[in-house]
There are 2 protein chains.
Amino acid sequence: MSYGTEHLAARLKAAREAKRLSQRELSALAGVPQSHISKIENNAVDLRVSSLSSIAHALDLELMLVPRKALPAIQSIVRSVSSAPVINAATQREIDRIREKVDALASHASSASIDNLQRRIREITQIPSQLDPDILQKVRRTLESIESSGSNEAVNRAVENIRSLRNQLAHRASSQETPRAPRPAYRLEEDQDG
Amino acid sequence: MSYGTEHLAARLKAAREAKRLSQRELSALAGVPQSHISKIENNAVDLRVSSLSSIAHALDLELMLVPRKALPAIQSIVRSVSSAPVINAATQREIDRIREKVDALASHASSASIDNLQRRIREITQIPSQLDPDILQKVRRTLESIESSGSNEAVNRAVENIRSLRNQLAHRASSQETPRAPRPAYRLEEDQDG
DNA sequence: CCGTGTGATATAGAAAAGTAGATCAAATGA
DNA sequence: TCATTTGATCTACTTTTCTATATCACACGG
């Protein structure tokens, strides 16, 4: 099932997650069955332009045909426009350090647990709430303990760590705002996919 | 047959014409039947993303999902990148004046002949050859004679006029270059579509 | 006027998308 | 522990693309 359009599927999924919508919610917005959205995100269908378009619109995205040679410039613009929300410098720096650690860990020895960890980290950086640098520092320390011990146990502990943090943040965010108010687009994560 | 994707169809057609490819030639490049390309350009199908993608690639275009709020900036980039080829200032000015005339004519009284005229004008500005300002001036004079007389006869004479000019240019161009050498992308015309 | 190239159209059939709807295991929160 | 929500995955059915191929009217140049 390769249609040469894998990046589109990934892009849609990333955009949906950045908006913190479930597939069913997006389904309602776009008028497309949840089962179909699942297939689309997993690149299991060669979808029609109308489907792509309606889903994209529900995610505040626009389908465009751009000249090859304009690609770099455009990608740069997209990056700058859909970057992470206001966040203070210390927090951003802490996030960057964590990402480095995780990437290092991943390149050293890839495993399902580490993939999981990477996903969690990405999720966290997409949460609109202001992140507490102290908490992030704690996360980093956990990561560093993994580096020294190298045990899979430690990785799983870190994942658990981050997951509960994420849940806290998500909860805090949803209780502060209108249940499903459209939020601005946050980091779309395609710049650290590979 | 409205799929909310009319602009894509128009874009593909414009891109193909800017490259001076026939539907059959594009068909060969993209691996899609000419009959299908015709339907696509006429917005008679809700095509699949893989089809759109392969045709786009054959035309040096890339399919992208861009954030709504990045649209203006991106469109500006696209315009600047896919602008008309080197052409001297006098010629460009003459072309602009002709376009104005035709637009005025079109808004005054629309007819099939005038639509035809508009298309011809657009075609001419896409031809890679250097246009002779003198010839263009002659075209404008013809247009002005239409303005005063208002006869449909005159319009048709102008169309004939321009058509032969176009054929001359096309012929000159194709005899100068490798039969179907890939040419740089010229003006994509979507900025004066409506 | 005649041959060629153009885009639009038709036919028939194979392949796939798309629909509504149910179910499932896993994660989560209470 | 229990109910809910998540995404993935089925079924059965309809609709449509897409392909290959041929034909059409028309514009064009020789």
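The values are calculated or read from the model by the stated rules, or taken from the named source; none is laboratory data. Everything quoted here is computed from the prediction, not taken from an experiment. Virtual Cβ from ideal backbone geometry, glycine too; neighbours counted across all protein chains shown.
Couple of notes before you dig in:
- Condition met for A:Leu65 (under 25 Å from B:Ala58 (Cβ atoms), assigned to a helix (DSSP H, G or I) and modelled with pLDDT of 70 or more): no
Conditions (1) at the interface with another protein chain (Cβ under 10 Å from one of its Cβ atoms); (2) at pLDDT 95 or above; (3) assigned to a loop (DSSP other than H, G, I, E, B), marked per residue:
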{"residue": "B:Ser2", "(1), (2), (3)": "yes, no, yes"}
{"residue": "B:Leu12", "(1), (2), (3)": "yes, yes, no"}
{"residue": "B:Ala15", "(1), (2), (3)": "yes, no, no"}
{"residue": "B:Arg20", "(1), (2), (3)": "no, no, yes"}
{"residue": "B:Leu26", "(1), (2), (3)": "no, yes, no"}
{"residue": "B:Val32", "(1), (2), (3)": "no, yes, yes"}
{"residue": "B:Ile37", "(1), (2), (3)": "no, yes, no"}
{"residue": "B:Val45", "(1), (2), (3)": "yes, yes, yes"}
{"residue": "B:Ser51", "(1), (2), (3)": "yes, yes, no"}
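- Residue count, segment A:57-74 (criterion: within 17 Å of A:Leu12 (Cβ to Cβ), surrounded by fewer than 21 Cβ atoms within 10 Å (Cβ to Cβ) and either within 18 Å of the chain's Cα centre (by Cα) or more than 7 Å from chain B (Cβ to nearest Cβ) (or both)): 2
- Residues being within 16 Å of DNA strand C (Cβ to nearest atom), in contact with a strand residue (DSSP E or B) (Cβ under 9 Å, 6 or more places away or on another chain) and either in contact (Cβ under 8 Å) with a residue 12 or more places away in the chain or on the phi > 0 side of the Ramachandran plot (or both) - total across segment B:51-80: 4
- Filter pass, A:Glu25 being more than 11 Å from DNA strand D (Cβ to nearest atom) and over 15 Å from B:Arg48 (Cα atoms): no
- Where A:Arg48 falls short, out of the listed (1) more than 7 Å from DNA strand D (Cβ to nearest atom); (2) without any contact (Cβ under 8 Å) to a residue 60 or more places away in the chain; (3) surrounded by 17 or more Cβ atoms within 10 Å (Cβ to Cβ); (4) closer than 27 Å to B:Ala56 by Cβ: (1)
- Taking segment B:53-72 as the range and being among the small types (Gly, Ala, Ser) and outside the structural domain of B:Lys13 (by TED's automatic domain parsing) as the test, only B:Ala70 passes.
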